[in-house]
Amino acid sequence: MTAEGIRVSREWLALREPADAAARAPDLAEQLRRRLPTAGRQLIHDLGCGTGAMGRWLAPRLPGPQHWVLHDRDADLLAIAAEDLPGEAADGAAVTVETRQSDITRLDPGDLAGATLITASAMLDLLTGEELAGLVTVCAGAGCPVLLTMSVVGRVDLNPADPLDADVAAAFDAHQRRTTERGRLLGPDAVAVALAGFDRLGAEVLVRPSPWRLGASDADLAAQWFTGWVGAACEQQVELFAETGAYARRRLAEATAGQLAVTVDHADLLILPRPDRASE
Ligand SMILES: C[S@@+](CC[C@H](N)C(=O)[O-])C[C@H]1O[C@@H](n2cnc3c(N)ncnc32)[C@H](O)[C@@H]1O
């Protein structure tokens, strides 16, 4: 579930959708609601939409007619997004959807022309610094609010704790920051880079925590997350395979039994163009 063409599975996205919905910062949706134009139809672009979870969460929180343009490079995920629609707006107005198979690191300003809102979720950490800088520029150029949610920040807490947790966490973060043929991925540095980029362009940025807090009722997600977490860590630092064998089996059994509480910190950003700069 990382960059360079590795596909994100629909099963993983379905499993994480309720946890994302519970974690997203609701006051940013409220701030957004107050800032969107009150007349006409909202034109909302969701970048790296996957199966369309962001629209299903946000569209019913915003009033008025909305048209969502869902961008992803994965045609299979877009097909699900086109079927699993958001439903009505907060006031019962219609919400329509179109899908666009595209690489969101190659968007032109014209692709976002007329946007009243741009969103992305669980996306930023998959990008390189250069790709994110380009995305920041093209989003800021659209002159509308930008809601970037569920970006990992590199903090994970497991309870009960184990001495090996920190080693695995460090190797996982290094894996997220690995160098690919596209360049070095940002992983947990993406939030700081996005903040600095929008700040440089004069936008106001609101930041909120949006942690996953997985307990006994999220055992399936916790187990899947743990498997991916330790797997990526061992891929990055192969000697961890030998060190973490018994640890991984024990932790996975705990997670599956709902006996492992996992907090995975994320951040949500709402970027608001300054009124005097929106049309520059
Ligand atoms: C972790 S998933 C998040 C999906 C969705 N936003 C959500 O919150 O459920 C990341 C998504 O970004 C897409 N993606 C990654 N890099 C992309 C790129 N350069 N252009 C278009 N889509 C991309 C993947 O195909 C995947 O659907």
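Worth pointing out:
- Loop-resident GluC sites (Glu not before Pro) (DSSP state other than H, G, I, E or B) in segment 128-224 with no more than 12 further Cβ atoms inside 10 Å of their Cβ: 181.
- Considering only the Cα atoms of segment 10-278, their convex hull presents on average a projected area of 14.0 nm².
- Between residue 22 and residue 98, full extension at 0.36 nm per residue minus the direct alpha carbon distance yields a gain of 24.8 nm.
- Folded to 0 to 90 degrees: helix 165-176 orientation relative to the chain principal axis, Cα: 50 degrees
- Potential lengthening between residue 241 and residue 33 on full extension [0.36 nm per residue; Cα-Cα distance subtracted]: 70.1 nm
- When a 1.4 Å probe is rolled over the protein heavy atoms, the share of accessible surface on the chain that falls to carbon and sulfur comes to 52 percent.
- Simple point charges give the picture: +1 on the Cβ of Lys and Arg, -1 on the Cβ of Asp and Glu, and for the chain a dipole about the Cα centre of about 480 debye.
- Stretching the chain fully between residue 184 and residue 206 yields a gain of 5.3 nm (0.36 nm per residue, less the alpha carbon separation).
- The residue list 148, 37, 221 was ranked by how far each Cα lies along the charge dipole of segment 10-278 toward its positive end, using unit charges on Cβ atoms, and 37 comes out on top.
- A Förster radius of 45 Å, combined with the Cβ-Cβ distance separating residue 249 from residue 85, puts the computed FRET efficiency at roughly 0.65.
- Residue-normalised accessible area of segment 10-278, expressed per residue, 1.4 Å probe, Å²: 44 Å²
- Principal-axis tilt of helix 219-236 within the chain, Cα atoms, nearest 10 degrees: 80 degrees
- Annotation for segment 221-249 versus segment 25-59: alpha-carbon center distance of 36 Å.
The values are calculated or read from the model by the stated rules, or taken from the named source; none is laboratory data. Fair warning: this is a prediction, and the values are worked out from it, not measured in the lab. So basically every Cβ, Gly included, is an ideal-geometry build from the backbone, and we count neighbours across all protein chains shown. When the accessible area is computed, the model is the full protein with side chains, heavy atoms only, and any ligands, DNA or RNA have been set aside. Shrake-Rupley method; radii C 1.70, N 1.55, O 1.52, S 1.80 Å.
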